[in-house]
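Novice: Before anything else, here's the structure in question.
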Amino acid sequence: MLDLGRLRALHAVSVHGTVGAAAAALGYTPSAVSQQIAKLERETRTTLLERQGRGVRLTDEAQQLAATAQQLLSLVEEAEVRLEEQRGVPSGRLAVACFASAARGLMPLALADLARRHPALDARLQELDPHLSVDLVARGAIDLAVAHDWDIAPMPAPPGVEQAVIGDDLCDVLVPAGHPLAAEESVRRADLADERWITQPPGTVCHDWLMRTLRAAGHEPLIAHQAEENHTQVALVAAGLGIALVPRLGRGPLPPQVTAVRLEPVPRRRLCALWRAGAARRPAITETVRTLQRLWPRVAAQG
């Protein structure tokens, strides 16, 4: 009889790619995950992981076993959903993934609210880019994702994944206080043709939106600096090293060296909650989504 916990560990490694990332997602230590895999190898009398550089690679047998583990975990999830649905109250562990600015500006308020009203619910947050979190929801590694897309770069939900809109987050152009545009009430895309930009790295939603938007206006963006954190981008703007397009959510007060200027038309990104269709009846999911939607107007007003 194969142990479900050990199968869960193998499935996590297959989804996240490394033992360390799998351990972080499961809430274990890397050594604990390695021990689970070692025990599973002894049980199956099969080599499951092979060293590959500094990481590991799943063997062909491990890939097959991980696929079976995903099917078993889906059945377990269905049973847990039915039990929680019968009890009628949010309970159990809820793995939530969220992008950085929402993890800073929205989730602390939402998680604290849920913990106060539903003590039987153990919601655990993991910060991830939307491109990763949505895929992990579809693959069963995350229960709920808070992701975002942009007006010209929508992110459709994968098959088997449902979503609900939380709200719209507006964005401003941040410029050094001494910049010629700092005195303007608003600017248009054509005014930004020759600027040096500070943005997130390629492959992120924000970077892709900026590139598509300025290219559509006939300008090739000059990317001077790349930084994942919005606070780092603000610091680079404050140093006079370029301008940045930064959403309001989680941005916090700007230093005196930085001025926010409205860009017309106003860029906006849509925040959504996503979950697997099979878990749609789970009270932990429905209540978390309702909480996010209820709190969003307050968070948006603060931004």
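Novice: When you scan segment 52-65, how many residues do you find that are open to solvent by 50 Å² or more (accessible area, probe 1.4 Å) and either within 22 Å of A138 (Cβ to Cβ) or part of a helix (DSSP H, G or I) (or both)?
Specialist: Residues that pass the stated criteria total 4.
Novice: Quick one: count up the residues across segment 207-233 that are open to solvent by less than 20 Å² (accessible area, probe 1.4 Å) and under 21 Å from the mean Cα position of the chain (by Cα).
Specialist: So the count comes out to 6.
Novice: Read through the list (1) within 24 Å of L109 (Cα to Cα); (2) part of a helix (DSSP H, G or I); (3) free of Cβ contacts under 8 Å to residues at least 24 places away in the same chain, then give the number of the only condition that V234 fails.
Specialist: Of (1) within 24 Å of L109 (Cα to Cα); (2) part of a helix (DSSP H, G or I); (3) free of Cβ contacts under 8 Å to residues at least 24 places away in the same chain, only one is false for V234: (3).
Novice: Still on this structure, I have one more. With the requirement that a residue be closer than 17 Å to P265 by Cα and polar (S, T, N, Q), what does segment 210-229 give you?
Specialist: Pass one, segment 210-229, residues closer than 17 Å to P265 by Cα: 210-219.
Hit for segment 210-229 is T213, nothing else.
Novice: Could you go through segment 259-269 and let me know if any residue there is under 18 Å from C98 (Cβ atoms) and of a type in the set (S, T, N, Q).
Specialist: Checked against the condition, which is being under 18 Å from C98 (Cβ atoms) and of a type in the set (S, T, N, Q), segment 259-269 yields no hits at all.
Novice: Right, another one. Taking the criterion of being at pLDDT 90 or above, open to solvent by 70 Å² or more (accessible area, probe 1.4 Å) and either within 26 Å of W296 (Cβ to Cβ) or aromatic (F, W, Y) (or both), would at least one residue in segment 41-50 satisfy it?
Specialist: Scanning segment 41-50 turns up no residue that is at pLDDT 90 or above, open to solvent by 70 Å² or more (accessible area, probe 1.4 Å) and either within 26 Å of W296 (Cβ to Cβ) or aromatic (F, W, Y) (or both).
Novice: Okay, next question. Just to verify a result, which residue in segment 235-294, among those that are of a type in the set (S, T, Y) and within 26 Å of P156 (Cβ to Cβ), is surrounded by the fewest Cβ atoms within 10 Å (Cβ to Cβ)? Quick ask: steps written out before the conclusion?
Specialist: First, pick out the residues of segment 235-294 that are of a type in the set (S, T, Y): 259, 286, 288, 291.
If we keep only those that are within 26 Å of P156 (Cβ to Cβ) too, we end up with 286, 288, 291.
Details: T286: 16, T288: 26, T291: 20.
Residue satisfying both the conditions and the ranking: T286.
Novice: Between residues in segment 60-86 that are farther than 15 Å from G5 by Cα and residues that are in a helix (DSSP H, G or I) and of a type outside the set (G, A, S), which pairs lie under 6 Å by C-beta distance while being six or more apart or on different chains?
Specialist: The qualifying pairs are E84/P283.
Novice: Which residue pairs have Cβ atoms under 6 Å apart, sit 6 or more places apart or on different chains, and have a first residue in segment 12-35 that is at negative phi and part of a loop (DSSP other than H, G, I, E, B) and a second that is among the aromatic types (F, W, Y) and open to solvent by less than 60 Å² (accessible area, probe 1.4 Å)?
Specialist: From residues that are at negative phi and part of a loop (DSSP other than H, G, I, E, B), there are no pairs.
Novice: Tally the residues that are not in a helix (DSSP H, G or I) and not small (G, A, S), restricting the search to segment 66-92.
Specialist: Going through segment 66-92 one residue at a time, the tally reaches 2.
Novice: I'd like the full set of residues that are open to solvent by less than 30 Å² (accessible area, probe 1.4 Å) and either touching a Pro at 6+ places or on another chain (Cβ under 6 Å) or farther than 25 Å from D135 by Cβ (or both), limited to segment 1-40.
Specialist: Answer for segment 1-40, where residues must be open to solvent by less than 30 Å² (accessible area, probe 1.4 Å) and either touching a Pro at 6+ places or on another chain (Cβ under 6 Å) or farther than 25 Å from D135 by Cβ (or both): V19, A23.
Novice: Determine which member of the set Q70, Q63 is within 22 Å of the chain's Cα centre (by Cα) and more than 29 Å from R294 (Cα to Cα).
Specialist: Q70
Novice: Quick test for you: out of L249, L295, pick the one residue that is of a type in the set (A, V, I, L, M) and outside any loop (DSSP other than H, G, I, E, B).
Specialist: L295
Novice: Name the residues in segment 100-117 that are in contact (Cβ under 8 Å) with a residue 12 or more places away in the chain, of a type outside the set (D, E) and either surrounded by fewer than 19 Cβ atoms within 10 Å (Cβ to Cβ) or within 29 Å of L48 (Cβ to Cβ) (or both), would you? Break it down stepwise before answering.
Specialist: In the first step, residues of segment 100-117 are kept if they are in contact (Cβ under 8 Å) with a residue 12 or more places away in the chain; the result is 100-107, 109-111, 113-114.
Checking which are of a type outside the set (D, E) leaves us with 100-107, 109-111, 114.
Once the filter is applied, which keeps residues that are in contact (Cβ under 8 Å) with a residue 12 or more places away in the chain, of a type outside the set (D, E) and either surrounded by fewer than 19 Cβ atoms within 10 Å (Cβ to Cβ) or within 29 Å of L48 (Cβ to Cβ) (or both), segment 100-117 yields A100, R104, L109.
Novice: For segment 66-99, enumerate the residues that are acidic (D, E) and crowded, with 17+ Cβ neighbours inside 10 Å.
Specialist: Scanning segment 66-99 gives a single hit, E84.
Novice: When only residues in segment 156-195 that are surrounded by 16 or more Cβ atoms within 10 Å (Cβ to Cβ) and touching a His at 6+ places or on another chain (Cβ under 8 Å) count, which is nearest to Q126 (Cα to Cα)?
Specialist: Among residues in segment 156-195 that are surrounded by 16 or more Cβ atoms within 10 Å (Cβ to Cβ) and touching a His at 6+ places or on another chain (Cβ under 8 Å), the one nearest to Q126 (Cα to Cα) is D169.
The values are calculated or read from the model by the stated rules, or taken from the named source; none is laboratory data. This one's a predicted model, so the numbers in the text were calculated from it and none came from an experiment. Cβ: placed from backbone, ideal geometry, glycine included. Neighbour counts: every protein chain shown. Please note that ligands, DNA and RNA were not included when accessible areas were found on the heavy atoms of the full protein model with its side chains. Shrake-Rupley method; radii C 1.70, N 1.55, O 1.52, S 1.80 Å.
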